[in-house]
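A.B. asks: Just dropping this structure here.
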Amino acid sequence: MDLSVSLKSDKPIYEQLYDQITAQILNGKLKPDEMLPSIRNVALELSISVITVKNAWDLLAQNGFIYSVGGKGCFVSSMDGRLENKKSSLVIDRLKKDLEYYKRLGLTAEELKKLIDENY
């Protein structure tokens with residue numbers, strides 16, 4: 001599992017981890033029932049707090065991306081039919097936040113579409 005964090009980002013580290021892991025689950029890089037590294041190992045590898053990693057893992061569990069097995073660890077949930085719905089939901093949530101920002105910048109829908117086409 002590839003994870004990295006940026007201390008310069010405006011986004012909290014636990015959200016950075018959450019976003020990276022959900023992306024890896026949704027794009028199939030992390031498979032159902034695959035074991036995640038332990039919270040302590042991730043914290044040690046990234047030189048961050050165990051509490052920060054735990055917050056990310058808790059958020060992943062709350063949103064149905066992972067499940068835990070006592071004494072064994074955390075595993076990727078089987079998304080089955082929920083995969084496309086979850087992906088769409090995440091995209092729409094992020095898009096709404098981003099659109100508010102672009103509107104504050106004064107971009108029109110046409111300008112934004114052009115930028116997306118040029119950069120996608």
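The values are calculated or read from the model by the stated rules, or taken from the named source; none is laboratory data. Note that the structure is a prediction, hence the values are computed from the model and not measured. No Cβ is skipped: glycine too gets one built from the backbone with ideal geometry, and neighbour counts run over all protein chains shown.
A.B. asks: So, ALA43, is that one surrounded by 13 or more Cβ atoms within 10 Å (Cβ to Cβ), under 12 Å from the mean Cα position of the chain (by Cα) and of a type in the set (A, V, I, L, M, F, W, C) or not?
C.D. replies: Against the criterion (surrounded by 13 or more Cβ atoms within 10 Å (Cβ to Cβ), under 12 Å from the mean Cα position of the chain (by Cα) and of a type in the set (A, V, I, L, M, F, W, C)), ALA43 does not qualify.
A.B. asks: Give just the number: which of (1) within 17 Å of ILE21 (Cα to Cα); (2) without any contact (Cβ under 8 Å) to a residue 12 or more places away in the chain does ARG104 not satisfy?
C.D. replies: (1)
A.B. asks: Quick check on this structure: which one of LEU30, LEU36 is closer than 30 Å to ILE116 by Cβ, touching a residue at least 24 places away in the same chain (Cβ under 8 Å), under 17 Å from the mean Cα position of the chain (by Cα) and surrounded by 13 or more Cβ atoms within 10 Å (Cβ to Cβ)?
C.D. replies: LEU30
A.B. asks: Follow-up. Specify which of the listed residues (ASP2, ASP19, ASP10, ASP98) is under 27 Å from LEU112 (Cβ atoms) and exposed (fewer than 11 other Cβ atoms within 10 Å of the Cβ).
C.D. replies: One residue alone meets the criteria, ASP10.
Yes/no per residue for (1) assigned by TED's automatic domain parsing to the domain that holds ALA56; (2) assigned to a helix (DSSP H, G or I):
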| residue | (1), (2) |
| --- | --- |
| ASP2 | no, no |
| GLN16 | yes, yes |
| ASP19 | yes, yes |
| LYS31 | yes, no |
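A.B. asks: Right, ILE48: outside any helix (DSSP H, G or I), of a type in the set (A, V, I, L, M), surrounded by 11 or more Cβ atoms within 10 Å (Cβ to Cβ) and at pLDDT 90 or above or not?
C.D. replies: So ILE48 fits the description; yes.
A.B. asks: Let me ask something else about it. Tally time: how many residues in segment 9-25 are among the hydroxyl-bearing types (Ser, Thr, Tyr) and more than 8 Å from the chain's Cα centre (by Cα)?
C.D. replies: The total comes to 2.
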